[in-house]
């Protein structure tokens, strides 16, 4: 399969509105539940997505376009968003929508040819990576976290479903 | 935890708009991909949700309220939606939104007291179940299928993410 930037951007474009539809009207009880100790609630997942927009995807793309595979991407703190306890879920959803929109505009400006998708950078852990792999990962990372929120919320009803539990893979892992 | 009908309905209310936001603007390539032979694409999952609205949740609730645990719920065909190959994803999303809305109105009319949540019915496979367990299952069933669509779509990029694959649980199962 050939990587297609337009298709990857469709995934990146839908995530803010999907999350808004999904959790924007849920009660606090759904938004504060977690899968277990040390795991993230829905709001923390959205904060993590915002942090990725700030320090991961576009900064790494810029670094790759500038440095190629001459030096590895700088490291970043994957958990820094957990220090940010402030703000409501609605504020987080709005912040995510805005920064994602800006980043997609930046992406459109940075990548203007098919050839750029094949450019190589150096990942600190697993070496050579391509622009198109970074962009596909950005999209799949969104999907991972939509699935995570779905799972976190479902977990709250693990016992409530009674004997149906055995039919429901999402809470029966 | 005490089962709360209002909270369960919040989950049931969000699903049509979440799915619309999620897949309503995606290209055919995303909508036709599957996890493997014999698995469902996004459209088939939505058809399954529509079928559940028609033959499963509200019909079972009505049956339970009428028959109690004197006889088991009638069986239904879990795969009948696969015969319905017609119509676009947008038509399916609209049909799901409409039937879910009607069913939530019916639910509001059928369940008017807390005591009704404790009423018992007879599941053909695992025996006695309560109204509140049926309703919790309806909500978790939605979440299961949102997670499924997320996974189906992500699977399309299994190779595209390159070495990042090992970090992405959703495609690395």
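The values are calculated or read from the model by the stated rules, or taken from the named source; none is laboratory data. Values in this document were obtained by computation on a predicted structure and should not be read as measured data. We place every Cβ from the backbone using ideal geometry, glycine too, and count neighbours over all the protein chains shown.
For the range A:98-118, name all the residues that are surrounded by 15 or more Cβ atoms within 10 Å (Cβ to Cβ) and either modelled with pLDDT under 95 or within 30 Å of residue A:33 (Cβ to Cβ) (or both).
Across the range A:98-118, the qualifying residues are A:99, A:100, A:103.
For the range A:86-101, check the following and say yes or no: at least one residue is at negative phi and more than 18 Å from the chain's Cα centre (by Cα).
At the first step, the residues of the range A:86-101 found to be at negative phi are A:86, A:88-101.
Among the residues that remain, those that are also more than 18 Å from the chain's Cα centre (by Cα) are: A:86, A:88.
Yes, there is a match, as at least one residue in the range A:86-101 is at negative phi and more than 18 Å from the chain's Cα centre (by Cα).
So residue A:75 passes all but one of these: (1) at pLDDT 95 or above; (2) within 18 Å of the chain's Cα centre (by Cα). Which condition number does it fail?
(1)
Hey, among the residues in the range A:111-129 that are part of a loop (DSSP other than H, G, I, E, B) and touching a helix residue (DSSP H, G or I) at 6+ places or on another chain (Cβ under 8 Å), which one's nearest to the other protein chains (Cβ to nearest Cβ)? Walk me through how you get there before you give the answer.
The first filter runs over the range A:111-129 and keeps only residues part of a loop (DSSP other than H, G, I, E, B), leaving A:111-113, A:119, A:124-126.
Adding the requirement that they be touching a helix residue (DSSP H, G or I) at 6+ places or on another chain (Cβ under 8 Å) leaves A:111, A:119, A:126.
On the way: A:111: 15, A:119: 13, A:126: 4 Å.
The qualifying residue nearest to the other protein chains (Cβ to nearest Cβ) is A:126.
Between a first residue in the range B:13-37 that is more than 7 Å from chain A (Cβ to nearest Cβ) and a second residue that is assigned to a loop (DSSP other than H, G, I, E, B), which pairs have beta carbons less than 6 Å apart while being 6 or more apart in sequence or on different chains?
B:32/B:41; B:33/B:156; B:34/B:41
So, residue B:51, is that one surrounded by fewer than 19 Cβ atoms within 10 Å (Cβ to Cβ) and either on the phi < 0 side of the Ramachandran plot or in a helix (DSSP H, G or I) (or both) or not? Walk me through how you get there before you give the answer.
Details: surrounded by fewer than 19 Cβ atoms within 10 Å (Cβ to Cβ): no; either on the phi < 0 side of the Ramachandran plot or in a helix (DSSP H, G or I) (or both): yes.
Judged against the criteria, residue B:51 is not a match.
Inspect all residues belonging to the range A:152-162 and state whether any of them is under 27 Å from residue A:47 (Cβ atoms), part of a helix (DSSP H, G or I), facing chain B (nearest Cβ under 9 Å) and at pLDDT 95 or above.
Pass one, the range A:152-162, residues under 27 Å from residue A:47 (Cβ atoms): A:152-158.
Retained after the next criterion (residues that are part of a helix (DSSP H, G or I)): A:152-155.
Adding the requirement that they be facing chain B (nearest Cβ under 9 Å) leaves A:153-154.
Now restrict to residues that are at pLDDT 95 or above: A:153-154.
Yes, that holds for at least one residue.
Restricted to the range B:1-10, and to residues that are more than 7 Å from chain A (Cβ to nearest Cβ) and in contact (Cβ under 8 Å) with a residue 40 or more places away in the chain, which residue is nearest to residue A:30 (Cα to Cα)?
Here the answer is B:8.
Surrounded by 13 or more Cβ atoms within 10 Å (Cβ to Cβ), in contact with a strand residue (DSSP E or B) (Cβ under 9 Å, 6 or more places away or on another chain) and either part of a helix (DSSP H, G or I) or modelled with pLDDT of 90 or more (or both): which single residue out of B:61, B:82 fits that description?
Details: B:82 fails: in contact with a strand residue (DSSP E or B) (Cβ under 9 Å, 6 or more places away or on another chain).
Of B:61, B:82, the one residue that is surrounded by 13 or more Cβ atoms within 10 Å (Cβ to Cβ), in contact with a strand residue (DSSP E or B) (Cβ under 9 Å, 6 or more places away or on another chain) and either part of a helix (DSSP H, G or I) or modelled with pLDDT of 90 or more (or both) is B:61.
With the structure loaded, tell me whether residue B:132 is away from chain A (no Cβ under 12 Å) and surrounded by 15 or more Cβ atoms within 10 Å (Cβ to Cβ) or whether it fails that test. Even if it seems obvious, please write down each step before you answer.
Details: away from chain A (no Cβ under 12 Å): no; surrounded by 15 or more Cβ atoms within 10 Å (Cβ to Cβ): yes.
Answer is no for this residue.
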